[in-house]
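What follows is a set of notes on a single structure, which appears directly below.
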Amino acid sequence: MDKLKLGQVEIDVDGVLANMDGSYTPYIIDIIPDFTEEKYITEWSMPQVANDYPEAFERVKKLWVDADFIYSLPRFEKVVDGLQELQSLCKNKLEIVIHTHLFDGGAVYDSRYKWLEDLREDSKVDYTIDISVGDTKKTKTNTKILIEDSVRNLQKSNAEYKFLVRRCHNRNYNESDLGNCRKAFVVSSFYEAVQKLKNIKELWDGE
């Protein structure tokens, strides 16, 4: 059976696989001495930082298109374990797609691609790499399961099963905010999302 006909598990990178928590601090601590994500980032657009510390916000925006910074981001714990368990679940039923968004191409694109190739090598998981470049992340149409930290991307998706990975910037949102879907979940990590997927019997056993 062609797994593409059954849909995809779509996984985001930043905030889901790649850990950005604490990554900004060394670049802006001279401007905001008490900076932490927990204290200053309540929305993805960082309005408090942008309004009160515009120089710091400009530095952060430059990091989003810095190839070395993008490649240096560490993985969250158990990302490899989660991918391996997900591959065992999906088998020939669903395709695993890691779909990531960048504001720029070129060297930044190459860095993110290498980051994902390194992850593929370490996990030995056969997944598709899909990199969106531009102002907004493109919406995929064949997604059955979406694991994201962006509420906006979850709302735009027609995925049947949606997982919001809890981060500081999405702390004010819950399952009811994720848009139309069959089931919605808020989880602490990608690994937890995979554990919950194991218990959705209709996905793996048929209905």
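Before moving on, here are some points about what is shown:
- Take every pair of alpha-carbon atoms less than 8 Å apart whose residues are at least six positions apart; their mean separation over the length of the chain yields a relative contact order of 25 percent.
- Protein heavy-atom surface of region 1-56, 1.4 angstrom probe: 55% of the accessible area is carbon and sulfur, with nucleic acids and ligands not counted.
- Farthest toward the positive end of the dipole of region 6-99, out of Ser23, Phe35, Pro74, is the Cα of Pro74, where the dipole comes from beta carbon charges about the Cα centre.
- Apportionment of accessible area to carbon and sulfur, region 105-207, percent (1.4 Å): 43 percent
- Using the Karplus relation 6.51 cos²θ - 1.76 cosθ + 1.60 with θ = phi - 60°, the per-residue 3J(HN,Hα) values for region 186-203 come to 10, 10, 8, 6, 4, 4, 5, 4, 5, 5, 5, 4, 4, 9, 8, 4, 5, 5 Hz, with x marking Gly and Pro.
- The figure for Lys196 is an accessible area of roughly 70 square angstrom, using a 1.4 Å probe on the protein chains alone.
- Count, lysine Cα pairs under 15 Å in region 90-189, 8 or more residues apart or across chains: 12
- If only the Cβ of Lys and Arg carry +1 and only the Cβ of Asp and Glu carry -1, the dipole of the chain around its Cα centre is close to 820 debye.
- Residue-normalised accessible area of the chain, expressed per residue, 1.4 Å probe, Å²: 49 Å²
- Nearest-20 debye value, region 111-157 charge dipole, Cβ charges on Lys, Arg, Asp, Glu: 300 debye
- Furthest towards positive pole of dipole, Tyr127, Ser150, Ala107, structure part region 94-159, Cβ charges: Ser150
- The chain: angle of helix 54-63 to the longest principal axis, Cα-based, in degrees nearest 10: 40 degrees
The values are calculated or read from the model by the stated rules, or taken from the named source; none is laboratory data. Just so we're clear, the structure is a prediction, and the values are computed from it rather than from any experiment. Please note: Cβ atoms are built from the backbone with ideal geometry, for glycine as well, and neighbour counts cover all protein chains shown. To get the accessible areas, we keep the full protein, side chains included, count just its heavy atoms, and leave off ligands, DNA and RNA. Shrake-Rupley method; radii C 1.70, N 1.55, O 1.52, S 1.80 Å.
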